[in-house]
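Here's the structure, in structure tokens; my notes come after.
The values are calculated or read from the model by the stated rules, or taken from the named source; none is laboratory data. Note that the coordinates shown come from a computational prediction; the quantities given were computed from them, not determined experimentally. Positions of Cβ are generated from backbone atoms using ideal geometry, with glycine treated the same way; all protein chains shown enter the neighbour counts.
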């Protein structure tokens with residue numbers, strides 16, 4: 001079974017965890033770390049989380065490529081075995097979290113690619129293409 005650690009600056013990780021639990025309140029395999037909120041020892045806290053899931057299929061999700069949280073997570077990959085995904089968004093997290101079997105490298109790459117497709121600048125002329133069902137039009141915008 002997959003184990004997830006969501007680690008972000010401030011309380012974004014907890015926000016992601018809360019939204020995930022909104023969709024499924026019984027998710028016990030998701031941990032989160034609000035880095036630098038209650039203490040400044042993120043790496044120590046992160047290491048403790050990794051120890052608690054050692055030997056399992058672990059996916060670590062961070063917020064900013066090159067940020068301090070991501071740098072620590074990348075550094076610890078030399079000591080622990082896990083997948084690291086950065087620049088996370090909600091579609092990515094939801095898709096990963098609800099996969100029942102261990103996520104493998106190729107599958108993770110596909111999930112990341114689909115999540116990137118969820119970032120769209122919506123314009124009036126593209127709403128029907130992206131949002132409205134069956135080409136339905138609206139004058140409310």
Report task. State whether one or more residues within region 63-81 are crowded, with 20+ Cβ neighbours inside 10 Å, under 21 Å from residue 110 (Cβ atoms), touching a residue at least 40 places away in the same chain (Cβ under 8 Å) and touching a strand residue (DSSP E or B) at 6+ places or on another chain (Cβ under 6 Å). Result -> no
Report task. Working carefully through the options 137, 129, find the one that is farther than 30 Å from residue 47 by Cβ, in contact with a helix residue (DSSP H, G or I) (Cβ under 9 Å, 6 or more places away or on another chain), part of a helix (DSSP H, G or I) and modelled with pLDDT under 90. Result -> 129
Query raised in the report: Hey, among the residues in region 73-92 that are under 20 Å from residue 18 (Cα atoms) and assigned to a helix (DSSP H, G or I), which one's farthest from the chain's Cα centre (by Cα)?
Result: 91
**Report entry** Unmet requirement for residue 6, which otherwise passes all of (1) surrounded by fewer than 21 Cβ atoms within 10 Å (Cβ to Cβ); (2) within 15 Å of the chain's Cα centre (by Cα)
**Finding:** (1)
**Report entry** Residue match in region 49-71 (condition: in contact with a helix residue (DSSP H, G or I) (Cβ under 6 Å, 6 or more places away or on another chain), modelled with pLDDT of 95 or more and assigned to a helix (DSSP H, G or I))
**Finding:** no
Query raised in the report: Do the conditions hold for residue 70, that is, is it under 16 Å from the mean Cα position of the chain (by Cα) and closer than 21 Å to residue 99 by Cβ?
Result: no
